[in-house]
Amino acid sequence: MSLAGQQVIVTGAAGFLGGALARRLATDGAFVKALARQPQKAGYINQQPNITIVEGDITDAQRMKEVIQGCSHIFHVAAALGGNYQKQYPINVDGTRNVMLAAAEAKVERVIHVSSIAVYGYHYNGDITENFQQKPGHVPYNITKAQGEAVVREVGAQHHLGYSIIRPAMIYGPRGNAWTATLFRIAKHNPTPFLGDGHGKVHPIYVDDLVDFMILSATHPAAVGQAFNCSPDPAPTWRAFLGGYSRLAGHDSWLSIPPIIMRPIAPIVELFFTLRGEPQELPALVDFLQASKTYKMTKARDLLGWQPKTELQTGIDNCVPWLREKGLLT
């Protein structure tokens, strides 16, 4: 099934993932309402055929009812990525409820809700499937994303509203901030500093692969009511991921910082974040960087016949033009 010719809405369309998704949907022939809290930040998709920039904030329930009317599908990408719990809850939980209730009232066919592998927390190792109990810990983002998922299920069940939940890992690609621009800035250092020898597993998903999966989840009948990981399986190492960026910068040198140095420091820094109301579980993150774990994609393969297609180095190489445009790579 294709979404060509249908009216769809993308929340968070001014962001990295939302913008890439809006452009793909429009290119494929869908008519896209691109919801942006600050439309002036949506330059990447402005003037794109089949895209209409719509101003709106998901925390405004009435506005959500207005903009969602007439849409067949909703791609709910908007989220608060940082700040304390009081800042994130109105967006990641209440905002999600507003979107879902408006979708139910408008009788949309399906909502695709973007969650995160963060809902599992940091303490699992080995193979992690969608059936694992969510243990978000004390991190506001992890908690509110898990609560947002619960809202999707609750409203979906109450109103017989179709939905799919996608749990992406570390999204990278052109226009990516944290997992492209920031990592490249680190990788440019010669040698590249890292906590550990880099043999722990990392979970980068190329943005175009994630977009493909979201669109498939919006149209495949077996995706209704399901949650899916979206992460490389098997997972590569940090040395392969960060090292790929290093090679773009012209070197392959690695500076391993022993984790034992950070273990007594992490609780002290964590206290600072906790006093700010933004605990990050830094001691657990130190171990997370060394851990061997894979967020399994077996469910997506079995139910939908899908798996990520972009090889890691290909995805990294695809970032080169944008990194040059940003002046990060010469």
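The values are calculated or read from the model by the stated rules, or taken from the named source; none is laboratory data. Only a predicted model underlies this, so the values are computations on that prediction, with no experimental measurement involved. Here the Cβ is made from the backbone with ideal geometry for all residues, glycine too, and neighbour counts use every protein chain on show.
General remarks:
- Restricting VAL202, VAL224, VAL211, VAL151 to those that are surrounded by fewer than 23 Cβ atoms within 10 Å (Cβ to Cβ), hydrophobic (A, V, I, L, M, F, W, C) and under 26 Å from GLU325 (Cβ atoms) reduces the list to VAL211.
- Among (1) within 19 Å of the chain's Cα centre (by Cα); (2) of a type in the set (A, V, I, L, M); (3) farther than 19 Å from ILE215 by Cβ - the single one ALA102 does not satisfy: (1)
- Boolean, THR182 is buried (at least 23 other Cβ atoms within 10 Å of the Cβ) and without any contact (Cβ under 8 Å) to a residue 60 or more places away in the chain: no
- All positions within region 297-317 that are of a type in the set (Lys, Arg) and not in a helix (DSSP H, G or I): LYS309
- Cβ-Cβ contacts under 8 Å between residues 6 or more apart (or on different chains), taken from a first residue in region 131-147 that is without any contact (Cβ under 8 Å) to a residue 40 or more places away in the chain to a second residue that is polar (S, T, N, Q) and not in a loop (DSSP other than H, G, I, E, B), are listed as PRO136/ASN142.
- Condition check for VAL119: of a type outside the set (Asp, Glu), over 14 Å from the mean Cα position of the chain (by Cα) and surrounded by 17 or more Cβ atoms within 10 Å (Cβ to Cβ): no
- Every condition in (1) in contact with a Gly (Cβ under 6 Å, 6 or more places away or on another chain); (2) modelled with pLDDT of 95 or more; (3) of a type outside the set (D, E, K, R) holds for ALA291 except the one numbered (2).
- The residues in region 99-118 that are closer than 20 Å to LEU3 by Cβ, assigned to a helix (DSSP H, G or I) and among the β-branched types (Val, Ile, Thr) can be counted, and the count is 1.
- Residue match in region 19-32 (condition: farther than 28 Å from PRO221 by Cα, of a type outside the set (D, E, K, R) and modelled with pLDDT of 95 or more): no
- Boolean, PRO174 is in contact with a Ser or Thr (Cβ under 8 Å, 6 or more places away or on another chain), at pLDDT 95 or above and in a loop (DSSP other than H, G, I, E, B): yes
- Which listed residue, of SER256, SER217, SER246, is over 29 Å from PRO140 (Cβ atoms) and surrounded by 17 or more Cβ atoms within 10 Å (Cβ to Cβ): SER246
- Filter result (small (Gly, Ala, Ser) and exposed (fewer than 13 other Cβ atoms within 10 Å of the Cβ)) within region 40-66: GLY43
- On inspection, GLU281 passes the criterion of being of a type in the set (D, E, K, R) and buried (at least 19 other Cβ atoms within 10 Å of the Cβ).
- When every residue of region 123-140 is checked against the conditions, none turns out to be part of a helix (DSSP H, G or I) and surrounded by fewer than 22 Cβ atoms within 10 Å (Cβ to Cβ).
- Each residue in region 269-278 was checked for being under 24 Å from ASN125 (Cα atoms) and modelled with pLDDT of 90 or more, and 0 of them qualify.
- Filter result for ARG167 (among the basic types (Lys, Arg) and surrounded by fewer than 20 Cβ atoms within 10 Å (Cβ to Cβ)): no
- Counted as qualifying within region 179-296 are the strands (runs of 3 or more DSSP E) with 1 or more residues that are of a type in the set (S, T, N, Q) and farther than 25 Å from ARG167 by Cβ, namely 192-195, 254-257.
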